[in-house]
Each structure stands twice: as C-alpha cells, then as structure tokens.
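Have a look at the structure below before the remarks.
The values are calculated or read from the model by the stated rules, or taken from the named source; none is laboratory data. All figures in this text were calculated on a predicted structure; none of them were measured in a lab. In this analysis, Cβ positions are derived from the backbone assuming ideal geometry, glycine residues included, and neighbour counts consider all displayed protein chains.
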Amino acid sequence: MNDSFLAKLFNDHQECPDCPSPEKVAEFFVDLLGTLFPDFSRNSFSTISELSAHLEALRVNLDKMLSFEPLKTGGESNNVASMFFDEIPAIFTQIMEDTHAMYNGDPAAKSKSEVIRTYPGFYAIASYRVANALHKYNVKVIPRIITEHAHGKTGIDIHPGATIGNHFCIDHGTGVVIGETAVIGNHVKIYQGVTLGALSVAKKDAEIKRHPTIGNHVVIYAGATILGGETSIGDSSIIGGNVWLTKSVPPKSKIYYQAKMFNSNTDQTDLYVYKEN
C-alpha cells in the first residue's frame, strides 16, 4: 500500500476514533429490547433502582453514540437521547399492541411470551418502532443500523422512515420489504414475501412518495407485490398471494389470481386479477 492511501485511512480513523460500530448499535437495541421485555432479557433486576439505573446507562450510551460527527443530526442532536427515552413508554405500548396482533392473528401462537421470544415479526417490528422514533428526530445512521440488524436476523426489511399504524402483524415474515415512504394503517396483517416497493429507483425521486399506502384492516398474503407512491389499498381489503399491483383499489376489495381451466387433455392455467367490492 502506498503512503497516501495509508494516510487517508489514518485520517479517517482520527476523525471518528470511537464511532459506534454496527455491532455496538445492535447491542444497544438488544439491551433496550431486553430491558422492556423480560422474556427477551439477558439481565435481571432486584430493585426498581437497579432497573432505573440501567435505563439511564442506556440513555447515556445512546447520547454518546449520537455525539460522533458522522452520526450527528444537527443542532438538536444533544437532546435526542433524552427525548427518545421520554418516548419509551409510548414505544412499549405500541410494541405490545403489535405483540397482541401477532398472538391473536396466529393460531399456532401459544402465548405472548412465545411471540416475543421466537417470532421474527416481533423482532423486526420492535426494531422498526425503536428506529422510527429516532428517525423522527432526523437521526440518519443509527435507525438504519437497527433495522438492518433486524433484517439480517429475520429476513424482514423495514425502512425506519416508513409510517406504520397500530396493531401491526407480520406472520412468518421472511422476504418482507417495506419501503421508506410506505404508509400502513391500523390492524394490518402481512405475510411472508410481501413487497411494498417503488416503481422507480431513480435518485431524483428520493424526496417524493415512492411507496404505496395501505389502509386499515387490510390483509396482504404471501408473495404479493404492491408498487408505487400513488398506489393505495382501501380499508378492509384482501390482497391475495402473488398478486402484482401498481394501481389503487377501493375499500373492501378482494384481489386474487383465479385459475382458468381449458377443455383439453391437459389442464392449463391463466392468471387473472379479479376484484369484488
């Protein structure tokens, strides 16, 4: 290696001598999640004072991570850690509502503790709730690290900038993708392989709404793909498996593929999308 390249690397390290690695950010999230949910915890607390001290240590840790220039968000960044921890009770309530949705929506779930300990949907949604709270304060890097950590563990990719309502359920979940500008209502259930994506990935579209809007009480079955910032799924609709949608549908729609059988020695299948209002 030449001297100029080594000098560049050295200068980069000097500019960020203690920048938190993705591993450190993930450790913070896992510790916070375990503090909120004893079923998930690696710690035990014998007094309320111990629990309070642990939460304060987590706040100080987050404040330290936010203090490094590559992760800074602007003049208000010094207050972000305190404001975020003031929101913890509300974040906990949201995650508990999501847990109820997953438990009530899956006959295989024997307890809420099982959902918390084992369901990838719980882990991915909890990471989104934490990351989204930080994202709202214009934190750029840490929220992405948190949701990408969950993505690596669960196969569920939720951008922290997405807007997701209450009682959200992801069942199974592998391969789910929810884009940055997606808007999802309340009481929505999504199965594995669902994509809420963009029709265009042009850089010039970065500041516009590129991902679909999903209404309340919508169910989206496995493998469905819904694309486009102007695409809207009406309330109480059902989107069948493997459906590809780039146009809006009204409330109470059912979108699915129907097999068409031909009079021949060999059955053939054509795929069509049908809608029932």
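Annotations
- Single residue of segment 32-44 satisfying the filter (modelled with pLDDT of 90 or more and surrounded by fewer than 17 Cβ atoms within 10 Å (Cβ to Cβ)) that is farthest from ILE125 (Cα to Cα): PRO38
- Residues within segment 1-52 that are without any contact (Cβ under 8 Å) to a residue 24 or more places away in the chain and more than 28 Å from ASP98 (Cβ to Cβ), tallied: 19
- Count of segment 67-111 residues which are assigned to a helix (DSSP H, G or I), farther than 16 Å from LYS136 by Cα and either modelled with pLDDT of 95 or more or of a type outside the set (D, E, K, R) (or both): 15
- Residues of segment 3-37 that turn out to be closer than 20 Å to GLU148 by Cα and either of a type outside the set (S, T, N, Q) or in contact with a Leu (Cβ under 9 Å, 6 or more places away or on another chain) (or both), as a count: 15
- Here the condition is being buried (at least 17 other Cβ atoms within 10 Å of the Cβ), touching a Phe, Trp or Tyr at 6+ places or on another chain (Cβ under 7 Å) and either assigned by TED's automatic domain parsing to the domain that holds LYS254 or aliphatic (A, V, I, L, M) (or both); of VAL218, VAL176, VAL243, it holds for VAL243 alone.
- Pair list, Cβ under 6 Å, 6 or more apart: segment 187-214 residue more than 13 Å from HIS159 (Cα to Cα) and assigned by TED's automatic domain parsing to the domain that holds ILE95, other residue buried (at least 22 other Cβ atoms within 10 Å of the Cβ) and of a type outside the set (Val, Ile, Thr): none
- Scanning segment 204-248 for residues that are of a type in the set (Phe, Trp, Tyr) and either in contact with a Lys or Arg (Cβ under 7 Å, 6 or more places away or on another chain) or assigned to a strand (DSSP E or B) (or both) yields one hit, TRP244.
- Answer from ALA206, ALA162 - the residue that is surrounded by 18 or more Cβ atoms within 10 Å (Cβ to Cβ) and among the aliphatic types (A, V, I, L, M): ALA162
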